[in-house]
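Notes follow the structure.
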Amino acid sequence: MLTIAVVCGAGIATSALIAGQVRDHIAASGHRAHVTQATVMDLLSPDFQADLVVSTVDLPPALGIPVVSAMPLLLQTNPAQTFTDIDTLLARITGTAGGKDAR
């Protein structure tokens, strides 16, 4: 199953709020993925594994994991954009049109 890590600066309140929204979207859209909260420090651990990161902070491309901005969700400026970006990347990662592969 795919893992989506939701990252904010401290990995506590903001990531919990966003993770809930991402979980709801994943369930409603029929995707199969585990959504977890993480910190920026977690990302730097050699043991950290995720297929996609949804983040409120800028992350370097060298991370090697696709990143979606969570700011439209946090600020409620354009939540649909974040969900579209998640769907697009899940489809790319799984090689399916809808990103619904259980992998």
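The values are calculated or read from the model by the stated rules, or taken from the named source; none is laboratory data. Since the model is a prediction, treat every value here as computed from it, not as a measurement. We place every Cβ from the backbone using ideal geometry, glycine too, and count neighbours over all the protein chains shown.
Quick grid of which residues meet (1) outside any strand (DSSP E or B); (2) more than 13 Å from SER69 (Cα to Cα); (3) aliphatic (A, V, I, L, M); (4) modelled with pLDDT under 95:
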| position | (1), (2), (3), (4) |
| --- | --- |
| GLY11 | yes, yes, no, yes |
| ALA16 | yes, yes, yes, yes |
| GLY20 | yes, yes, no, no |
| ILE26 | yes, yes, yes, no |
| VAL35 | no, yes, yes, no |
| PRO46 | yes, yes, no, yes |
| VAL54 | no, no, yes, no |
| ASP58 | yes, no, no, yes |
Practice task
Any residue in segment 36-50 that's among the charged types (D, E, K, R): show its pairings with residues that are surrounded by 15 or more Cβ atoms within 10 Å (Cβ to Cβ) and not in a helix (DSSP H, G or I) at Cβ separation under 6 Å, as long as the two are six or more apart or on different chains.
Solution key: ASP42/PHE48
Completion exercise
Subset of segment 66-86, residues touching a residue at least 12 places away in the same chain (Cβ under 8 Å) and either more than 10 Å from the chain's Cα centre (by Cα) or assigned to a strand (DSSP E or B) (or both), comes to VAL67, VAL68, SER69, MET71, LEU73, LEU74, PRO79
Fill in the blank from the handout: Considering segment 39-52, residues that are touching a helix residue (DSSP H, G or I) at 6+ places or on another chain (Cβ under 7 Å) and closer than 24 Å to ALA80 by Cα, and then whichever is surrounded by the most Cβ atoms within 10 Å (Cβ to Cβ), we arrive at LEU52
